[in-house]
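K.L.:
To start, I am sharing the structure in question, which I have written as structure tokens.
The values are calculated or read from the model by the stated rules, or taken from the named source; none is laboratory data. In this text, all values refer to a predicted model and were calculated from it rather than measured experimentally. Positions of Cβ are backbone-derived with ideal geometry, glycine not excepted, and every protein chain shown enters the neighbour counts. Areas reflect the complete protein model, heavy atoms only, side chains present, ligands, DNA and RNA absent. Shrake-Rupley method; radii C 1.70, N 1.55, O 1.52, S 1.80 Å.
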Amino acid sequence: MKARTLSVWAARRALGAALTVLVATVVVYGALRLVPGDPVVALSAGRRLTPEQIEALRHRHGLDRGFLQGYLSWIGGVLRLDLGTSLNYQTSVMSLITGRLGVSGLLILYSATLAAALGTAVALVSAVRGGVADRIASVLAAAATATPTFVASIALLALFSIGLGWFPATGAGTGPADRLWHLTLPAVAMAIAAFGVLARVGNAAFAEQLGREHVVAARSRGVGTAAVIRRHVVRNALAPLLTVVGVLVASLFVGTAVVETAFGLDGVGSLLVTSVSRRDFPVVQGIALIGIALFVVVNTLVDLVLPLIDPRVTAGGPRR
């Protein structure tokens, strides 16, 4: 692919991603305006307020603005990296989120690494060996895909924390090693379903490549199995695997809400759950926007990387 063509296509993808996020801001802001319930109830903290006090609270937090005026004010702040002020914590939404991104970011990275490594390994072994190995891998992948995250969290807590006492049940730890130890069970709980998806997709991709004519020809010429797998099978199967990994990494951001609540982690997911229950609209809007932006950015990066890894994937062409 020519460098100029790739540059033009990359610019179009970046513009498309920006427009997608812009449309998403309208949806996020509009959806939360339609949510039943009055945030003034949360602001009043159970106190009985006079109509004048209620109106003052609405005006102070911008709740008395119309849709267009409120949206323009909010999106203007977003462009300045100002997501507003939390109705409950009375502090910057951005500072609230960034203060918890460390735990959530490490949890997502840990979980994605486990799912990608184990899913790819199981898929490759089952595709190469076939037979019993393939059937066992299929059962494991189907069971993992069908396991909800909250069920996995409860089962892991009951067995490895409460039952065996091997892992801590709550908290995120202090130092690097201790933090990884605390996040192991939450990461496994989040990785189970992702592992199942990657194992199934990877198995199909590897099996397809193993049946290709150039792979059969290489084997007939006496090329070793390891060399064939490394040079032809794995490289050519990267496109569908990377596509799925990109979607799963972004979707893990949503899974943090369940896992962080179950394991008592002070991350963005638990902040989202608390903010929804307390009708803290600015925080919910900020987290939702970051989640959507993460999804769009990760998938855009995958689109940009695929033509560089596999020359058969042309810019703007269909993914395999």
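K.L.:
Identify, by number, the condition in (1) surrounded by 14 or more Cβ atoms within 10 Å (Cβ to Cβ); (2) modelled with pLDDT of 85 or more; (3) out of contact with any Ser or Thr (no Cβ under 9 Å at 6 or more places or on another chain) that residue 113 doesn't meet.
P.N.:
(1)
K.L.:
Also, quick follow-up: How about segment 239-268: which of its residues are closer than 17 Å to residue 114 by Cα and of a type in the set (A, V, I, L, M)?
P.N.:
Once the filter is applied, which keeps residues that are closer than 17 Å to residue 114 by Cα and of a type in the set (A, V, I, L, M), segment 239-268 yields 241, 242, 244, 245, 247, 248, 249, 250, 252, 259.
K.L.:
Still on this model: Could you check segment 128-173 and list, in sequence order, the residues that are within 30 Å of residue 209 (Cα to Cα) and either open to solvent by 60 Å² or more (accessible area, probe 1.4 Å) or assigned to a loop (DSSP other than H, G, I, E, B) (or both)? Break it down into steps so the answer makes sense when it comes.
P.N.:
Within segment 128-173, the subset within 30 Å of residue 209 (Cα to Cα) is 128-147.
Within segment 128-173, 129, 130, 132, 135, 136, 138, 139, 140, 146, 147 qualify.
K.L.:
Can you spot a residue in segment 280-303 that is open to solvent by less than 50 Å² (accessible area, probe 1.4 Å), touching a Leu at 6+ places or on another chain (Cβ under 7 Å), at pLDDT below 85 and closer than 13 Å to residue 13 by Cα?
P.N.:
Yes, because at least one residue in segment 280-303 is open to solvent by less than 50 Å² (accessible area, probe 1.4 Å), touching a Leu at 6+ places or on another chain (Cβ under 7 Å), at pLDDT below 85 and closer than 13 Å to residue 13 by Cα.
K.L.:
On to the next question. Within the set of pairs 6 or more residues apart or between chains, which connect a residue that is at pLDDT 80 or above and assigned to a helix (DSSP H, G or I) inside segment 1-21 to a residue that is charged (D, E, K, R) and surrounded by 15 or more Cβ atoms within 10 Å (Cβ to Cβ) with Cβ atoms less than 8 Å apart?
P.N.:
13/303
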